[in-house]
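A.B. asks: First the structure, then my questions, so here it is.
The values are calculated or read from the model by the stated rules, or taken from the named source; none is laboratory data. Keep in mind that this is a model prediction, so the values were computed, not measured. No Cβ is skipped: glycine too gets one built from the backbone with ideal geometry, and neighbour counts run over all protein chains shown. The protein model used for the area step is the full one, side chains on, heavy atoms only, and it has no ligands, DNA or RNA in it. Shrake-Rupley method; radii C 1.70, N 1.55, O 1.52, S 1.80 Å.
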Amino acid sequence: MAPAGHMMVAALCAGLVLGGCTAGAVSSDAAELNNMWRANLVPKATPSQMVRTFDRFCVNGSRDMAQAERDLRAAEYIPLPNSRTPGARAWVEDDEAPAVALSDAMCVVAASSRSGQTDRFQRYVADTFPQARAVDPAPLGNTIEQAWEVGGSEPFLIATERTPDVDWYRYMLILYRPGGRA
């Protein structure tokens, strides 16, 4: 290659390197979200993955929001930048792990609808909360499929929801603590 060619390649390389330095600063979360395959935002998690995630972050997770967020980051989740619900934050991972959304009153685990989810979650509720009492889901909304009230010193509600989303459905596992903020 002629010297002029070397200079052009060197100038191009320098421009790419410097261009990366001078472009506006991008947070690590934004960079990771930009590289994430959109189908992984609410992926096709297996029923077992959904139940494990629900158990880990909703049932046994910290009720302190700062600690819950640290736990999600330690599990390689990153937050979505905006929430439609004030006080709530959605978290995603760039694999087949279900999405998680948290607020002071609620914890939701979401994934695309798949076979076996309903049965697996019914078994989880029966095994984990033998005192749970099935309640009529109709007053909770037209997309709520099942609901259970779990008594005790701090009663809470567990529900499942299936909502349409473009050409498919999402399945959500919900834990709602009435004493928390929405």
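A.B. asks: Beta carbons within 10 angstrom, averaged per residue: use that to sort the peptides 122-134, 88-100, highest first.
C.D. replies: Final packing ranking: 88-100, 122-134.
A.B. asks: Once you have the alpha carbon radius of gyration of the stretch 107-181, what is it after dividing by 2.2 N^0.38 Å, with N set to its residue count?
C.D. replies: Against the compact-globule rule of thumb, the ratio is 1.11.
A.B. asks: Okay, next question. When ligands, DNA and RNA are left out and all protein chains stay put, how many square angstrom of accessible area per residue does the stretch 65-123 have with a 1.4 Å probe?
C.D. replies: Ligands and nucleic acids excluded, the figure is 50 Å² per residue.
A.B. asks: In addition: For the stretch 138-182, give the percent of accessible area contributed by carbon and sulfur heavy atoms, probe 1.4 Å, rounded to a whole number.
C.D. replies: Roughly 53 percent of what the probe reaches on the stretch 138-182 is carbon or sulfur.
A.B. asks: Rg (Å, one decimal) plus Dmax (Å, integer) for the alpha carbons of the stretch 54-182?
C.D. replies: Reported Rg and Dmax, both Å: 14.3, 42.
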